[in-house]
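One structure below.
The values are calculated or read from the model by the stated rules, or taken from the named source; none is laboratory data. Just so you know, these numbers come straight off a predicted model, no measurement behind them. Using ideal geometry, Cβ is built from the backbone for each residue, glycine included, and neighbour counts are taken over all protein chains shown. In case anyone asks, the SASA skips ligands and DNA or RNA and just uses the protein heavy atoms, side chains included. Shrake-Rupley method; radii C 1.70, N 1.55, O 1.52, S 1.80 Å.
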Amino acid sequence: MNPSSIVIIGATSGIAQGVARHYAQRGWNIYLVARNTDALAAIQSDLLARGAMKVESMAADLRDVSRHDEVVKGAQQFSETIGVVLIAHGILRNQLEIDYDADEMLQVWNVNATSSISLLHRFGVAMETQRSGTIAIISSVAGDRGRRSLYTYGSTKAAVSHFVAGMRGRYKPLGINVLDIKPGPVDTPMMTGRTLMLGATVETVAKDIVAAIDKRKGVLYTPWFWRVIMRIVRMIPEPIFLKIKF
Amino acid sequence: MGRRRSNRSNRHFGNLRRIKPAVMEQLPSSWGRYPASRARSVVDAAWTSDVPSRVDAPLLAYGLGRSYGDVCLNDGGDVVRMHRCDRVLSFDRELGIIRAEAGLSIADLLRICVPHGWFVPVTPGTRYVTLGGAVANDVHGKNHHRVGTFGCHVRCLELRRTDGSVHLCSLTDNANLFSATIAGMGLTGVITWVEIQLLPIASRIVIQESVKAKSLHDLIEQTDASDADWDYTVSWIDVMSRGSSLGRGLVLRGRFQDMADGTLGKPWKGPILSVPIEAPSWLLSKPTISLFNTVWYNRQLGRLKRTELDAEPFFYPLDAVGSWNLLYGRRGMLQYQCVIPADDGERVMRRILEEMQRGGVSSFLAVLKKFGPLVSPGLMSFPRPGLTLTLDMPISGKPMFEALHRCDELVHSVGGRVYSAKDSRVRGSMFRAMYADEIARFLPHIDPGMSSSFWRRIMNDGKDIA
Ligand SMILES: Cc1cc2nc3c(=O)[nH]c(=O)nc-3n(C[C@H](O)[C@H](O)[C@H](O)COP(=O)(O)OP(=O)(O)OC[C@H]3O[C@@H](n4cnc5c(N)ncnc54)[C@H](O)[C@@H]3O)c2cc1C
Ligand SMILES: NC(=O)c1ccc[n+]([C@@H]2O[C@H](COP(=O)([O-])OP(=O)(O)OC[C@H]3O[C@@H](n4cnc5c(N)ncnc54)[C@H](OP(=O)(O)O)[C@@H]3O)[C@@H](O)[C@H]2O)c1
């Protein structure tokens, strides 16, 4: 049997690298998309050493939606059937950091929401005929409720979650699972210089992600306790929530 | 080339990041958790290009902090943590040559190379060390008498200095910088990647023998006999033993086993426990340690015990319990490791053990090994042919420190020395005397932008960053 293949978009992300190592160990074929070519080369050699059968990469700034068809085509040329697509790129900005700059604020939307939705859609359509596989994207617990310090970022993640919730219904009958991954804070470069409240390691989160893909889950909170925490956060009555400074 | 993550984010964030304290920094500490230290800033390099190439305070690289003392600390200075730079850059499965970023741990390396019949050529007693740390301390293992130190197996490495320059170093390229960097305690620059020659193994199973020795003399004789036939040897000493049984213990020896079925053996999956919190200080105090030593010695009834076990529990018994250093409580612990040139070994070793007992030093783990004749390329490398003794001890009061200073005198008087990777208390003047020739040749290679708590303690007798 041919090994399965995984396509990782935003492959230089800390979380994505953690996930990629699991698939390398399984001997899968891995297709990497990210914008930094030096970093891609290092990841490529690493995954091969860790057991991946074949690794190829494409360099692309994912804000450039006009290249997204090329990304999908590249992935399909790499492997006729795609086992898993994982979309992991993203940027994090606190509201304060972008408040003075509306253009910068919209950049967060371009990277996290627009480009993600564009890729989700294109991969969905492209995989329709293969009638198997998983499309997974990393959103965030921050998308579960808008809060004053993080609502731009949070809303991009909410948009993504909303979008994939709909996709899940559409693709389920076609045998394609759509997974929404909602991590709490994870110790990656994204969190440099920020408070890691209840922070998790990449290893923990990557393991959960791989298990959720295997089990064809729809929504994953990782680590698991975020499901409980976010349920409570969503239940806090608005007048009280408005008073909470976070 | 490369990226400047820090510059880019500063552009986006203006000053915002600066006002916030660096939250993630856990003021990197050492394994002994002594002395306390706080870095001015901590950077986690995700890519080797993130290593700062310009500094306004002394910089030091940090691996996994498995050094017992302050070689991995930089109180008041900047620290760049390397553990995220852990990618393999190339792995030749035929020749057993692997090149990897300096933050790769030996634990991870074994996961990658053992299935292909390769092992790390030299390993310390824990697998949670990085390649960079293994080079910078030029670590040794149970097979020193056969293969020398880790540095003997480094084919080449890349070094980044704080003036932005990048150097490829090996025995033939930049040979002087190469030999200063091996055992260079991180002071010659930041190692970005390392290429090593791995060791072929027939399987992952080790055959181990344990020989009971009733005195120091017996133990040293058994060590000599074992060294002749076995690849890995080390002895555990009951430090509480006195008089004629002083230095009694168990000589452990092992070698990789050929499997009857020609396979490497099944991957090992042992339980890993973890110490969740700092223990109260009575837990590892003199009475409990004495009890442990006696029980451990008497556990083996016969003279010889033979077992077959996986390489991981053989090499890393202590790793079965995560963060076991917390067992030593708030005050932390330290380790004393010295080497005594061969001719004087037994006599001086006996005096050191007596000195320790007189100083009330109780040691949970005392280990003896004989270093072989292979010379490391590392200029500041610790091992010398002769006996090496290693003692773990909880930090106690002044008598302990004074006993250790007396041991230093003894060790120095016979041409021996102490190991910087384990040290947090040797007097600067003493260390400088022990390594006088080496330091003179080492100094010109130090990167002026780098320093460590250890080095300031040794060179300025503890004066802080000016
Ligand atoms: C249980 C246990 C058993 C041990 N057994 C042994 C043993 O048998 N033999 C032995 O020799 N040692 C032993 N040690 C000590 C340990 O092997 C060394 O201290 C080792 O260097 C720790 O590696 P690290 O990656 O944690 O480095 P750290 O402790 O974080 O740093 C060690 C030194 O390496 C430097 N460094 C780290 N990364 C880089 C880099 N990328 N570039 C430049 N410099 C760098 C640091 O600046 C510092 O000077 C043991 C330690 C423990 C906890
Ligand atoms: N870390 C957390 O706490 C956390 C929590 C919840 C959700 N998440 C989400 O998890 C995902 C992965 O994040 P991470 O934690 O692994 O952080 P990370 O290591 O910072 O990864 C983010 C990645 O996105 C890439 N990227 C950003 N903009 C891009 C663009 N325009 N084109 C191409 N690539 C781009 C970055 O590439 P460059 O290196 O080239 O910039 C980087 O590799 C993100 O979607 C994040 O929002 C993270």
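Points to keep in mind about this one:
- Test: residue in the range B:246-261 that is in contact (Cβ under 8 Å) with a residue 12 or more places away in the chain, in a loop (DSSP other than H, G, I, E, B) and among the hydrophobic types (A, V, I, L, M, F, W, C): yes
- Scanning the range B:247-263 for residues that are surrounded by fewer than 19 Cβ atoms within 10 Å (Cβ to Cβ) and of a type in the set (A, V, I, L, M, F, W, C) turns up at least one hit.
- Checking every residue in the range B:339-358 against the condition of being open to solvent by less than 10 Å² (accessible area, probe 1.4 Å), outside the structural domain of B:ILE112 (by TED's automatic domain parsing), more than 16 Å from ligand 2 (Cβ to nearest atom) and touching a Phe, Trp or Tyr at 6+ places or on another chain (Cβ under 7 Å) gives at least one match.
- Residue in the range B:386-405 that is of a type in the set (D, E, K, R) and assigned to a strand (DSSP E or B) present: yes
- Some residue of the range A:90-113 being aliphatic (A, V, I, L, M), within 14 Å of chain B (Cβ to nearest Cβ) and in contact with a strand residue (DSSP E or B) (Cβ under 9 Å, 6 or more places away or on another chain): no
- Among (1) assigned to a loop (DSSP other than H, G, I, E, B); (2) within 16 Å of ligand 2 (Cβ to nearest atom), the one test that B:VAL43 misses: (1)
Results for (1) of a type outside the set (Ser, Thr, Tyr); (2) within 14 Å of chain B (Cβ to nearest Cβ); (3) surrounded by 23 or more Cβ atoms within 10 Å (Cβ to Cβ), shown as yes or no for each residue.
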residue: A:GLN17; (1), (2), (3): yes, yes, yes
residue: A:TYR23; (1), (2), (3): no, no, yes
residue: A:TYR31; (1), (2), (3): no, no, yes
residue: A:ASP38; (1), (2), (3): yes, yes, no
residue: A:GLY51; (1), (2), (3): yes, yes, no
residue: A:LYS54; (1), (2), (3): yes, no, no
residue: A:LEU62; (1), (2), (3): yes, no, yes
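- The conditions of being under 12 Å from the mean Cα position of the chain (by Cα) and either among the aliphatic types (A, V, I, L, M) or away from ligand 1 (no atom under 16 Å from the Cβ) (or both) are not met by A:LYS172.
- The range A:1-60 - residue that is assigned to a loop (DSSP other than H, G, I, E, B) and in contact with a Leu (Cβ under 8 Å, 6 or more places away or on another chain) and, of those, farthest from ligand 2 (Cβ to nearest atom): A:ALA11
- Residue in the range B:67-76 that is nearest to ligand 2 (Cβ to nearest atom), counting only those that are assigned to a loop (DSSP other than H, G, I, E, B) and crowded, with 24+ Cβ neighbours inside 10 Å: B:ASN74
- Boolean, B:ALA228 is away from ligand 2 (no atom under 16 Å from the Cβ), of a type in the set (A, V, I, L, M, F, W, C), surrounded by fewer than 17 Cβ atoms within 10 Å (Cβ to Cβ) and part of a helix (DSSP H, G or I): yes
- Restricting the range B:269-312 to residues that are of a type in the set (Asp, Glu) and open to solvent by 40 Å² or more (accessible area, probe 1.4 Å), the residue that is nearest to B:GLY332 (Cα to Cα) is B:GLU278.
- When B:VAL239, B:VAL211 are checked against the criterion of being part of a loop (DSSP other than H, G, I, E, B) and either within 16 Å of ligand 2 (Cβ to nearest atom) or touching a strand residue (DSSP E or B) at 6+ places or on another chain (Cβ under 7 Å) (or both), B:VAL239 stands alone in meeting it.
- Residue check, B:PRO267 part of a loop (DSSP other than H, G, I, E, B) and not assigned by TED's automatic domain parsing to the domain that holds B:VAL114: yes
- In summary, A:SER139 fulfils each of the numbered conditions (1) away from ligand 2 (no atom under 13 Å from the Cβ); (2) crowded, with 17+ Cβ neighbours inside 10 Å with the single exception of condition (1).
- Scanning the range A:25-49 for residues that are in contact with a His (Cβ under 9 Å, 6 or more places away or on another chain) and among the basic types (Lys, Arg) returns a single hit, A:ARG35.
- Within the range A:187-198, not a single residue is more than 10 Å from chain B (Cβ to nearest Cβ) and crowded, with 20+ Cβ neighbours inside 10 Å.
- Being among the acidic types (Asp, Glu), out of contact with any helix residue (DSSP H, G or I) (no Cβ under 8 Å at 6 or more places or on another chain) and without any contact (Cβ under 8 Å) to a residue 60 or more places away in the chain is a description that applies to A:ASP208.
- Residue in the range A:199-217 that is nearest to the other protein chains (Cβ to nearest Cβ), counting only those that are closer than 25 Å to A:GLY133 by Cβ and among the hydrophobic types (A, V, I, L, M, F, W, C): A:VAL202
- A:ASN94 vs. criteria touching a helix residue (DSSP H, G or I) at 6+ places or on another chain (Cβ under 8 Å) and in contact (Cβ under 8 Å) with a residue 24 or more places away in the chain: yes
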